[in-house]
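The values are calculated or read from the model by the stated rules, or taken from the named source; none is laboratory data. On a predicted model such as this, the values are computed, not experimentally measured, just so you know. Reconstructed Cβ throughout: ideal geometry from the backbone, glycine too, with neighbour counts over all protein chains shown.
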Amino acid sequence: VPIERGKSSRINERLELFGEIFKNLDRGFSLETLEYTNLCMNHLLVSFTHLGQFRLVNENRGKDPIGQCINFMLENLNRKLKLEELAAEVNLSPSHFSRLFVNRTGHSPIDYFIQLKTPVKVFKYLAEKFKAFVNPRAFSPFDRNRLPHQT
């Protein structure tokens, strides 16, 4: 079932939660860490299975031009966006939009957009490595030498 992005998608919250899970697992696998990440994972999964309830929280935020713009950025990570296009998406002048954006996020819109693209590149790399883990023939020769030998 496709999940349509909208003004109340809460994509950033999902990405932050996913990142939090990884950061915690990177610290080790203590019982407390595993319990915490398990609960976070449940929250992440339920955000997809109960989409209506998850998005309901943001319905009143629909008039938030910065949130709308960030959703637009997330939908267009594969494009090169200009300040004028971002401002037009939320019906504001570029100068007013930029001022609001910096006040809210601490970054210019274009800098923020570039920062959004970086985790996507990391996730694509991790996805390729995961595919390689599932299929050992996909590892480079260097990586293959680090795999445990199967007898």
Of all residues making up segment 10-65, the number that are at pLDDT 85 or above and not in a helix (DSSP H, G or I): 4
Test: residue in segment 93-111 that is at pLDDT 80 or above and touching a Lys or Arg at 6+ places or on another chain (Cβ under 7 Å): no
Considering residues of segment 112-137 that are in contact with a helix residue (DSSP H, G or I) (Cβ under 7 Å, 6 or more places away or on another chain) and at pLDDT 70 or above only, the residue nearest to E20 (Cα to Cα): P119
Looking only at segment 24-47, and only at residues there that are surrounded by 11 or more Cβ atoms within 10 Å (Cβ to Cβ) and among the hydroxyl-bearing types (S, T, Y), the one that is farthest from E13 (Cα to Cα): T33
Filtered residue count, segment 66-90, keeping only those that are at pLDDT 90 or above, surrounded by 14 or more Cβ atoms within 10 Å (Cβ to Cβ) and in a loop (DSSP other than H, G, I, E, B): 2
Members of segment 81-106 found to be under 21 Å from the mean Cα position of the chain (by Cα) and of a type in the set (S, T, N, Q), listed by number: T105
